[in-house]
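Colleague: Have a look at this one before I ask anything.
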Amino acid sequence: MVSTAFLMDAETVVKELSQEKRSERMEQRVKPTMKQAIEFAAAMSGTDTSEFVSAAAFQAAMDKITGMRYTRLSGEDATRFFAALERKRGPNEAMRELMAGYDESMDEDGD
Amino acid sequence: MEIKVQPLAQKHSAMLATFRCGVRSIDDYLDQAYGLQEFNLARIFIAVEAANKNNMVGYYAVHNMHIEADTMPMPFASMLRRGAMVGAVYVVMFAVDRRYHNQGIGTNLFRSALKRIKRIPEESGVWAVVLDALNDDAERFYRRFGFETLVSNTRRLYLPVNEIA
């Protein structure tokens, strides 16, 4: 089956999840220290380990998918980013050397 | 080794299945390659051996992304409403098949991608190229060419488009 997770917005994901009756197994090996910390945190959250792990991993997956299309700059990152845009310094020496080695016959676009 | 870089097409489908770069998640991205391309969500470029074009040696993928800044200095603040999102180009990854590591192929993929990205600001307003380094070595590599690392996400780097040669 072709995965479509990359197309989903949060609302669609929630809707899909609420309609899914079936569940699938996922297994992974973890270090003993990680397992202890996860079990402790799950207990402190009042959920079982399996639910805690899947919710956390799913959240991380959604963050990753979002992060590929969106980045937010605050504080120092914003300051540095705009400073870099404004100074218009052009390519540095390493960049110029790198691209001097570009051979345009490498790219076969109309193929 | 000499390579050719081609936009993803049907002729590549058998090669995608056998591609192994050593990082499973990067290989798995290829499962979605045709879907992403069909819906214009990404452009995927396949590198093949020049001498044997049935041998896939690597790939990279590129799409647009948005950058939002909490605070904006002048002159930007006079041209953009607060909270405005502006365009950037995101390189999803550069991947080289395990059999072809340490032959300079990654560097050539990087050159190929930069050459393409450099054309985008000629046609539409775009600020920067953004990418995520897989490890410290990769981060050092990108920084040599002027990429700057985010303080809030030390794997993410950006380069203003006018700094591409």
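Colleague: Within segment B:1-94, considering only helices (runs of 4 or more DSSP H) that don't extend past its boundaries, which have at least 3 residues that are more than 8 Å from chain A (Cβ to nearest Cβ) and in contact (Cβ under 8 Å) with a residue 24 or more places away in the chain? Please lay out each step first, then the result.
Modeller: On the way: elements: B:13-18, B:24-28, B:33-38, B:76-79.
Ranges flagged: B:13-18, B:33-38.
Colleague: Could you grab me the full set of residues in segment A:65-80 that are at the interface with chain B (Cβ under 7 Å from one of its Cβ atoms) and assigned to a helix (DSSP H, G or I)?
Modeller: Within segment A:65-80, A:Glu76, A:Asp77, A:Ala78, A:Arg80 qualify.
Colleague: Here's a follow-up. Exactly one condition in (1) within 14 Å of chain B (Cβ to nearest Cβ); (2) acidic (Asp, Glu); (3) surrounded by 10 or more Cβ atoms within 10 Å (Cβ to Cβ) is not met by A:Glu51; state its number.
Modeller: The one condition A:Glu51 does not meet is (1).
Colleague: Within segment B:110-154, which residues are within 12 Å of chain A (Cβ to nearest Cβ) and acidic (Asp, Glu)?
Modeller: Hits for segment B:110-154 are B:Asp132, B:Glu148.
Colleague: Show the residue pairs that are 6+ apart or on different chains and have beta-carbon atoms under 7 Å apart, the first residue being within segment A:53-68 and free of Cβ contacts under 8 Å to residues at least 12 places away in the same chain, the second being outside any helix (DSSP H, G or I).
Modeller: As it stands, the answer is A:Met68/B:Met65; A:Met68/B:Tyr90; A:Met68/B:Val92, since those pairs meet every condition given.
Colleague: Right, next: Taking the conditions exactly as written (at pLDDT below 95 and not basic (Lys, Arg)), does B:Asn135 satisfy them or not?
Modeller: Yes, satisfied.
Colleague: Let me ask something additional. For segment A:68-90, check the following and say yes or no: at least one residue is modelled with pLDDT under 90, exposed (fewer than 14 other Cβ atoms within 10 Å of the Cβ) and of a type in the set (A, V, I, L, M, F, W, C).
Modeller: no
Colleague: Something else: Mind checking which pairs have a first residue in segment A:86-107 that is facing chain B (nearest Cβ under 7 Å) and a second that is in a strand (DSSP E or B), Cβ under 6 Å, 6 or more apart or different chains?
Modeller: A:Met106/B:Val5; A:Asp107/B:Val5
The values are calculated or read from the model by the stated rules, or taken from the named source; none is laboratory data. Everything numeric in this text was worked out from a predicted model, so none of it was measured. With ideal geometry, Cβ positions are generated from the backbone for all residues, glycine too; neighbour counts draw on all protein chains shown.
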